[in-house]
1. Using the structure shown, select from Lys83/Lys162; Lys40/Lys83; Lys130/Lys173; Lys122/Lys322 the pairs with a Cα to Cα distance greater than 23 angstrom.
2. Between Gln33 and Leu230, what is the label-to-label distance in nm when each label sits 7 Å out along the Cα-to-Cβ direction?
3. If I build a Gaussian network model for the chain, linking alpha-carbon pairs within less than 10 angstrom, which residue out of Thr131, Thr111, Thr50 has the largest mean-square fluctuation?
4. About the Cα centre, and with charges only on the beta carbon of Lys, Arg (+1) and Asp, Glu (-1), how big is the dipole of region 24-120? Nearest 20 debye, please.
5. Please report, in debye to the nearest 20, how large the charge dipole of the chain is about its Cα centre when each Lys and Arg carries +1 at its beta carbon and each Asp and Glu carries -1 there.
6. Report the gain in length on full extension from Gln258 to Asp305: 0.36 nm times residue separation, minus Cα-Cα distance, nm rounded to one decimal.
7. Normalised by the residues of region 195-253, what does the relative contact order come to in percent, with Cα pairs under 8 Å and at least six apart?
8. What does the charge count near Gly220 come to, summing +1 for each Lys or Arg and -1 for each Asp or Glu among other residues with Cβ under 12 Å from its Cβ?
Amino acid sequence: MLQKNPTSKNDSELAEIISRLEDRIVLRPNELQPVVNLLKFLDCQSPHTTGDGLYSKCQQELNTHFLEIDINYESLTPTRLIKLVNECRFILSKFDVNPEIPVPQIFEGKTNQINDKNTNCKEYIESFFKTDSIKSTCFSCYKVQIIPADVVSCMMIYFAMKQVSLPRDNFRKCMIEIREKVPNPYKGYIFCQSEEEAVICLNEMKSVIKKLEITNVICGISHGCSEYGLKYPEFKYSEDGSHRNFNQPKEWSDAESQTEFIPPNSAVEIFDFSNYEVTLRDVICFDTWIKYAEIIGDLSYRCFDKLPNERKYNTFTKRVRKQAGVRQAQIAELLKR
């Protein structure tokens, strides 16, 4: 199903924002943030994308192609997925859209909430890096964690997430791991507001994975952000329930109560990331994942066509190359399980 009212803006307001961003990108093609914002807003506007810029035209052609092939996620196989991704990447190449901006993760579902309140994950993790303290909201944050062993399986997991039925259309994402200290190169997450909800979502996701016959995948539950468990191992989710014994120290709660959090000023609030079709942002993300797979030595990248105007992610490439040996070892370990 396509999303309804995905933002705080109506269609005409969103079209105006997209038009301004595309004009700015023409003038400053190497500026990162306008491109990131444009991809996000095109996701919201699709499939009724309007505009005369290259990004809008590329999104329009992707929409047309997607409707023509009438993909059925419930019968998706790795072979069909590879064909679909290659076709979509060719459209991206045809328009030569943004060849140097990597997109490491893509999203599905409603904006993440815990107890009917939007989470502020970016601000919470930044606070943690400064103070080593975990916000009270994060103690209720549980995630279904899906760990694929290769890039093809990661893409299959993303499409599985498009069809899984969840209690609140829970926020979910697929990503490549570029944080040096966090293990496993490919990840899928479903965000939950309780341990009980995480168990329900885990069982639903396992059912879809089994139906699609996705192999080389490990599923489980995690607690809060990965960085929390690295600093405080007792905070990590444990099947014996020992993580429940890790309580917020009084000095953390006192400091939190004395600090007023002011949400960042945003022109457009995104309510819903659900989108049935493949979007421009998806395809740029797939292309980023393929490049990542090649750098870290995941040979499944060879399943995908090499495009004539191959993208160059200079800073991204240098960062990932430093992790290549570790990521190769992690893939080998995953394949043994």
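The values are calculated or read from the model by the stated rules, or taken from the named source; none is laboratory data. The shown structure was predicted, so the numbers you read here are calculated from the model rather than taken from an experiment. All Cβ positions, glycine included, derive from the backbone under ideal geometry; neighbour counts span all protein chains shown. The area values use the complete protein model at the heavy-atom level, side chains included, leaving out ligands, DNA and RNA. Shrake-Rupley method; radii C 1.70, N 1.55, O 1.52, S 1.80 Å.
1. Values: Lys83/Lys162 18 Å; Lys40/Lys83 25 Å; Lys130/Lys173 26 Å; Lys122/Lys322 25 Å.
Exceeds cut-off: Lys40/Lys83; Lys130/Lys173; Lys122/Lys322.
2. Roughly 2.6 nm, to one decimal.
3. Of Thr131, Thr111, Thr50, the most mobile in the Gaussian network model is Thr131.
4. On the way: 10 positive and 12 negative charges, 43 e Å.
Computed about the Cα centre, the dipole is about 200 debye.
5. Numbers: 44 positive and 47 negative charges, 205 e Å.
It comes to approximately 980 debye.
6. Working: separation 47, 0.36 × 47 = 16.92 nm, distance 5.48 nm.
Taking 0.36 nm per residue and subtracting the Cα distance, the gain is 11.4 nm.
7. On the way: 26 pairs, mean separation 12.0, N = 59.
Once divided by the residue count of region 195-253, the mean separation gives 20 percent.
8. Numbers: positive: Lys143, Lys187, Lys206, Lys236, Arg337; negative: Glu239.
Summing Lys and Arg as +1 and Asp and Glu as -1 gives +4.
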